[in-house]
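Heads up: the structure comes next, in structure tokens.
Rule-based calculations on the coordinates, nothing more; no lab input. Please read these numbers as outputs of a predicted model, since none were measured by experiment. With ideal geometry, Cβ positions are generated from the backbone for all residues, glycine too; neighbour counts draw on all protein chains shown.
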Amino acid sequence: MSIQLKAISIAVALGMVATAAVAVTQEPITPIQPVKNINLAQVELGKKLYFDPRLSKSGFISCNSCHNLSMGGTDNLKTSIGDHWQQGPINSPTVLNSSLNVAQFWDGRAADLKEQAGGPIANPGEMGFTHELAVDVLKSIPEYVVEFKQVFGTDAINIDEVTQAIAEFEKTLVTPNSRFDQYLLGDKDAINATELAGYTLFKSSGCVACHNGEAVGGNSFQKMGLVEPYKSTNAAEGLSAVTGKDADRFKFKVPTLRNVEMTYPYFHDGEAKTLTEAVDVMGRLQLGKKYTEEENAQIVAFLKTLTGDQPAFQLPILPPSTDNTPAPKPFE
Ligand code: HEC
Ligand code: HEC
């Protein structure tokens, strides 16, 4: 009898676990997993490089200039400011959770974070440097030479190691534990009635067709202006620049909506100043749907529950330049 009872209670317990698991997996959005399998030594080195403006020609621009980790991994500008105060061509996407992206850049032209990290240093409109000169700067600083040796086991610093370390650091920039993830994980009180109504609308009206998964986006390329064309003065053409196919014109990597409250302004051209505006444009252009003020506010309230724990670490202190370090050229 007692054995039978025990069996029943185990069956019930298993049943409950199974239902709970199904309930979680049925949601189109899944909680952000804390980062695992990272090389801590590379992360520490990559963190320094991420903050080091000496990887730029001016000695003034670091990755953090345009992907400010105090501001959601963005610069909060319509388009970025590069070397010589050049006006950037496109809005700077967040680096937070970028390891979850199917590819990097709005048009996906870099396969992964390592490939991406080589781009900005040598981009004349961004850091304006060359890989050779950036490596020369690092080689002139004994603390860096020692640390590269400890991390990679070789005496020669090269750009491959630089981008590898930065990419490893970027993998740590995930933002778990948002109120919405707490809700997904079973704490039904983690979001309020308005936010839940927003999530319900987000699902029922079809936003989840493109914004889904762990990053609530980042996993596909979709046309901007599916139902109604998007008008922009920005020259970016999206995926077609990579594939050469006309059918890919105006397809952009669907941005993650994690921490979207912090990553304004919105869209590849940075034209939408507020979430209210972005939600209105998405509703009309992607779904042919005009939301009422109340519905829009509900969706915005839901989107704000996607802000997770921001990266927290001690600010890296960078080893000083030496007499041999090539001088920065901010005005040449
Ligand atoms: C001058 C501003 C600027 C600097 C400096 C800069 N970036 Fe960016 N970053 C951008 C812009 C703008 C884009 C989008 C470009 C595009 O999609 O064509 C971008 C894209 C990215 C992406 C892709 C994100 C995504 O969702 O597709 C990553 C990752 C990234 N940068 C990391 C870095 C790293 C690492 C550094 C330092 C080595 C760096 N960036 C330096 C402006 C900058
Ligand atoms: C057909 C796919 C698709 C659907 C459906 C869709 N989106 Fe988007 N969403 C995109 C793409 C692509 C972009 C980037 C467009 C661009 O930058 O030009 C985007 C951008 C956004 C942005 C701006 C994010 C940023 O960082 O710039 C927000 C906010 C957003 N969508 C919310 C929504 C909401 C809310 C809905 C439902 C009303 C929705 N989306 C429906 C594909 C979609």
Long-range amide H partners of residue 68 with built H, under 5 Å: 73, 74, 75
For segment 287-332 versus segment 42-102, the gap between their alpha-carbon centres in whole angstrom: 9 Å
Karplus-derived HN-Hα couplings along segment 46-59 (A = 6.51, B = -1.76, C = 1.60, θ = phi - 60°), whole Hz, x at Gly and Pro: x, 4, 4, 5, 4, 9, 8, x, 6, 7, 10, 4, 6, x
Neighbourhood net charge (11 Å Cβ-Cβ; Lys/Arg +1, Asp/Glu -1) for residue 324: -1
Most fluctuating residue given options 86, 286, 104, as computed from a GNM of the chain linking Cα atoms under 10 Å: 86
Segment 90-174, relative contact order in percent, only Cα pairs under 8 angstrom and at least six apart counted: 33 percent
Highest-MSF residue in the chain out of 314, 87, 42 [GNM, Cα springs under 10 Å]: 314
Cα gyration tensor category, rounded, prolate or oblate, for the chain with a/c compared to 1.5: oblate
Cα shape, segment 148-272, gyration tensor, a/c 1.5 rule: oblate
Relative contact order [Cα under 8 Å, 6+ residues apart], segment 204-250, whole percent: 25 percent
For the chain, built as a Gaussian network whose Cα springs stay under 10 Å, the top-fluctuating residue of 269, 160, 246: 246
Shape call, segment 193-247: gyration tensor on alpha carbons, a/c limit 1.5: prolate
Sequence of 295, 132 once ranked by neighbouring C-beta atoms within 10 Å, starting from the fewest: 132, 295
Cβ-placed point charges (K, R +1; D, E -1), dipole of segment 179-304 about Cα centre in debye, nearest 20: 340 debye
Under 5 Å, built H, 5+ apart or other chain: amide partners of residue 213: 29, 30
Neighbour-count order for 306, 287, 315, fewest beta carbons within 10 angstrom listed first: 315, 287, 306
Helix-only [θ]222 nm of the chain, DSSP H runs n ≥ 4, -39500 (n - 2.57) each, per residue, nearest 500: -12000 deg cm²/dmol
Order of 240, 92 - criterion: other Cβ atoms within 10 Å of each residue's Cβ, fewest first: 240, 92
